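Before any comments, here is the structure.
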Amino acid sequence: MLEKFKIDPKETLYIEDIAKNLSIGKERGTTTVWLINDEYWGKKESDKEYIDYKIENLSLFLKEIRLLKNT
């Protein structure tokens with residue numbers, strides 16, 4: 001997708017509710033964000049270093065980064 005849409009991975013957030021899926025995003029240079037959940041399949045590998053941020057509230061997180069961008 002990065003190549004197809006000419007997306008710069010350094011300017012990309014990869015947000016996922018399945019922690020282990022974030023490894024691919026990190027390999028490609030994106031900032032990774034795990035949406036915390038208690039499902040076994042979701043939290044498996046949630047302690048790995050390839051996860052940059054762990055959040056509980058996606059709406060609040062998106063509002064916060066939008067505010068930071070505008071300052």
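With contacts defined as alpha carbon pairs under 8 Å and 6 or more residues apart, what's the relative contact order of the chain in percent?
Once normalised by length, the contact order is 26 percent.
If I compute log10 I(q)/I(0) by the Debye sum over Cα atoms at q = 0.11, 0.16, 0.18, 0.27 Å⁻¹ from the structure I just sent, which labelled value in (1) -0.40, -0.73, -0.83, -1.17; (2) -0.23, -0.49, -0.62, -1.29; (3) -0.28, -0.58, -0.72, -1.18 lines up?
Matching the structure shown: (3).
Under a GNM of the chain (C-alpha, springs under 10 Å), which listed residue has the highest mean-square fluctuation: ILE24, ILE36, ILE51?
Answer for the Gaussian network model of the chain: ILE24.
Are any of the pairs LYS6/LYS26; LYS4/LYS48; LYS26/LYS63; LYS4/LYS54; LYS4/LYS44 more than 20 Å apart by Cα-Cα distance, and if so, which?
Check vs 20 Å cut-off fails for LYS4/LYS48; LYS26/LYS63; LYS4/LYS54; LYS4/LYS44.
What does the charge dipole of the chain about its Cα centre add up to, to the nearest 20 debye, if the Cβ of each Lys and Arg holds +1 and the Cβ of each Asp and Glu holds -1?
Here the size comes out at about 260 debye.
Bear in mind that the values in this text are calculations on the coordinates, not laboratory data. This structure is a prediction, so every number in the text was calculated from the model and none was measured. So basically every Cβ, Gly included, is an ideal-geometry build from the backbone, and we count neighbours across all protein chains shown.
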